[in-house]
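Quick notes on the structure that follows.
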Amino acid sequence: MVKEKKGAAGVILDSESAAHKTIKFWTRVKVTSLENGKSTTVKILDRGPYVQGRILDMVKTAFSKIHNPSKGIFRGKIEWPIQS
């Protein structure tokens, strides 16, 4: 059985979850890779990252929409509020 992880927002993290140290919980942000131009939208549901040099942690499912998960990190930009 897979243990579901709860984020700091008090809810179970889903396939669109991300962690940021200061962005308000439930904020939807657009993350775009500066390396390949791909982007995805995630919800801030947790706090972090706590690794020097990182700005945002994304769940593996969201990360894989932009890059191969084995890469681990990429140069990107974060935008909010999201423009329709």
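Computed from the coordinates by the stated procedures, all read-outs in this text should not be read as laboratory data. Here the structure is a predicted model, which means the values were calculated and not measured. Don't worry about glycine lacking a Cβ; one is built from the backbone with ideal geometry, like all the others, and counts go over all protein chains shown.
Residues of region 1-46 that are outside any strand (DSSP E or B) and closer than 19 Å to residue 76 by Cβ: 15, 16, 20, 21, 22, 23, 27, 34, 35, 36, 37, 38. Residues of region 1-50 that are crowded, with 16+ Cβ neighbours inside 10 Å and either of a type in the set (Gly, Ala, Ser) or touching a residue at least 60 places away in the same chain (Cβ under 8 Å) (or both): 7, 9, 17, 18, 19, 33.
Condition check ((1) under 22 Å from residue 6 (Cβ atoms); (2) under 9 Å from the mean Cα position of the chain (by Cα)) across all residues:
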{"site": "20", "(1), (2)": "yes, yes"}
{"site": "27", "(1), (2)": "yes, no"}
{"site": "36", "(1), (2)": "no, no"}
{"site": "41", "(1), (2)": "yes, yes"}
{"site": "47", "(1), (2)": "yes, no"}
{"site": "61", "(1), (2)": "yes, no"}
{"site": "78", "(1), (2)": "no, no"}
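Out of the residues in region 48-84 that are assigned to a helix (DSSP H, G or I) and of a type outside the set (D, E, K, R), which is farthest from residue 35 (Cα to Cα)?
Step one: list which residues in region 48-84 are assigned to a helix (DSSP H, G or I), which gives 60-63, 69-71.
Among the residues that remain, those that are also of a type outside the set (D, E, K, R) are: 61-63, 69-70.
Numbers: 61: 19, 62: 16, 63: 14, 69: 14, 70: 15 Å.
Looking at the filtered set, the residue picked out is 61.
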